[in-house]
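The values are calculated or read from the model by the stated rules, or taken from the named source; none is laboratory data. Values in this document were obtained by computation on a predicted structure and should not be read as measured data. Note: ideal-geometry Cβ built from the backbone for every residue, glycine included; neighbour counts use all protein chains shown. With ligands, DNA and RNA removed, areas are computed over all heavy atoms of the protein, side chains included. Shrake-Rupley method; radii C 1.70, N 1.55, O 1.52, S 1.80 Å.
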Amino acid sequence: LKVHGYTPIGLDDVRAFYKTGKLLPRKAVLMTFEQSRKSSYFEIRDLLHLYKWKAVMGVVTEPIHDKDAQALLWPYLRDMLTMGSWDLAAQSEKGFSLIETSPSGATGAFFAMPQWLAEENRFERPEEFNARLAADHERVIGEFQREAGIKPVAFFFPYGDYGQYEEHANVVRVTNLHQVGAHYDLGFILGQLALNSRSSDPRRLNRLLVNPNWSPEMFISKLDMFWPLDMVREARNNSFEARRWI
């Protein structure tokens with residue numbers, strides 16, 4: 001990333017861009033990690049220090065409560081903030097726990113689907129769905145404030161999913177975006193897109209899901225492909241490649 005001209009930024013830089021229009025450096029890149037795992041932290045911390053780089057860790061609080069041996073506990077997370085290389089984003093309490101979503105016993109993502117209430121033989125109503133999501137956000141924000149003395153700036157949707165893959169999930173999508181807008185300055189989905197622009201909705205910014213089988217060269221090539229190019233120059237070079245179409 002550094003050799004190819006990418007410049008690391010933090011969550012405050014992204015927030016300033018969308019809130020006040022403060023410009024970002026050329027080829028700005030936000031590096032993000034999932035679910036506050038020890039493996040991610042220990043793999044990357046020395047590189048961040050060596051290259052004066054920045055990164056964001058999404059924090060899921062339920063594994064912390066369960067004393068999961070693979071989860072970063074709050075003493076580690078507080079140290080990460082002190083080091084200055086890391087930002088922390090909220091990533092829910094129960095967002096990675098599957099919920100019952102149909103009478104047949106099917107399960108689905110906590111944030112992306114209404115819950116089936118078996119005891120009452122019905123789906124939760126929109127206001128109940130809204131209250132369930134709000135309660136999760138408020139618990140996580142409260143824990144951030146108690147344990148780290150900060151209110152999280154950003155939210156990472158668990159699985160990158162807030163109902164955008166279900167054509168008819170209008171209420172789910174609207175509710176999720178409303179909740180993110182009410183509780184945070186920024187929200188991030190996860191998928192096959194990396195680029196965000198000034199016209200992107202700051203409640204659903206793109207995070208690229210990186211395939212661990214990509215070589216460094218493949219990774220940089222994919223990132224470079226997302227950048228807009230001069231149409232005249234591209235036409236002259238006859239290089240409208242299919243992988244740019246997205």
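How far, in nm, would the chain grow between residue 182 and residue 16 when pulled straight, counting 0.36 nm per residue and subtracting the alpha carbon separation? Mind dumping the intermediate values first?
Values: separation 166, 0.36 × 166 = 59.76 nm, distance 1.75 nm.
Value of the extension gain: 58.0 nm.
Quick check: the distance between the Cα centres of the stretch 48-102 and the stretch 162-217, to the nearest angstrom?
18 Å
Could you work out what % of the accessible surface of the stretch 1-89 is carbon and sulfur, using a 1.4 angstrom probe and leaving DNA, RNA and ligands out of the count? List each step's numbers first, then the result.
Values: 2620 of 4970 Å².
After summing per-atom areas, the C and S share lands at 53 percent.
Could you give the nm distance between label points at residue 52 and residue 4, where each point is 7 Å from its Cα heading toward the beta carbon?
2.3 nm
What fraction, in whole percent, of alpha-carbon pairs in the chain exceed 27 Å separation? Kindly include the intermediate steps, with their values, before the conclusion.
Values: 12434 of 30135 pairs.
Tail of P(r) above 27 Å: 41 percent of Cα pairs.
Can you give the accessible area per residue of the stretch 1-131, in Å², using a 1.4 Å probe? Walk me through the numbers before you get to the answer.
Details: 7130 Å² over 131 residues.
On a per-residue basis, the stretch 1-131 sits at 54 Å².
Using label points projected 7 Å from each Cα along Cα→Cβ, tell me how many nm separate residue 193 and residue 170, to one decimal.
Once both label points are built, they end up 2.1 nm from each other.
For the pair residue 219 and residue 139, what calculated FRET efficiency results from E = 1/(1 + (r/R0)^6), where r is the Cβ-Cβ distance and R0 = 30 Å, to the nearest 0.05?
Working: r = 35 Å, r/R0 = 1.18.
Working from the Cβ atoms, E equals 0.25.
Quote the FRET efficiency, to the nearest 0.05, computed for residue 210 versus residue 76 with a Förster distance R0 of 22 Å and r equal to the Cβ-Cβ distance. Before the final figure, lay out the partial values.
Values: r = 23 Å, r/R0 = 1.04.
Efficiency, rounded to the nearest 0.05: 0.45.
Counting other Cβ atoms within 10 Å of each Cβ, which GluC sites (Glu not before Pro) in the stretch 61-144 have at most 15 and sit in a DSSP loop? Walk me through the numbers on the way to the answer.
Values: sites: 93, 100, 119, 120, 124, 127, 128, 138, 143; in loops: 93, 124.
Nothing satisfies the criteria.
Under a crude label model (7 Å from the Cα following the beta-carbon direction), how far is residue 66 from residue 201 in nanometres?
3.1 nm
Which entries of 2/151; 19/52; 27/52; 19/94; 38/67; 2/54 have Cα-Cα distances beyond 20 Å here?
On the way: 2/151 30 Å; 19/52 26 Å; 27/52 16 Å; 19/94 29 Å; 38/67 12 Å; 2/54 12 Å.
The answer is 2/151; 19/52; 19/94.
Once phi is turned into θ = phi - 60°, what whole-Hz ³J(HN,Hα) does the Karplus curve with 6.51, -1.76 and 1.60 give for every residue of the stretch 191-197, x standing for Gly and Pro?
Per residue, the Karplus-derived 3J(HN,Hα) values read x, 9, 10, 10, 7, 10, 10 Hz.
Report, in deg cm²/dmol and to the nearest 500, the calculated mean residue ellipticity at 222 nm for the chain, where each DSSP H run with n ≥ 4 adds -39500 (n - 2.57) and the sum is divided by the residue count.
On the way: 8 runs with 92 residues, N = 246.
It comes out at -11500 deg cm²/dmol, rounded to the nearest 500.
I need the calculated FRET efficiency for the pair residue 43 and residue 127, taking r as the beta carbon distance and R₀ as 45 Å, to the nearest 0.05.
Values: r = 43 Å, r/R0 = 0.95.
My answer for the efficiency is 0.55.
Counting only protein heavy atoms and using a 1.4 Å probe, what share of the accessible area of the stretch 110-158 belongs to carbon plus sulfur, as a whole percent? Before the final figure, lay out the partial values.
Details: 1210 of 2320 Å².
Carbon and sulfur: 52 percent of the exposed surface of the stretch 110-158.
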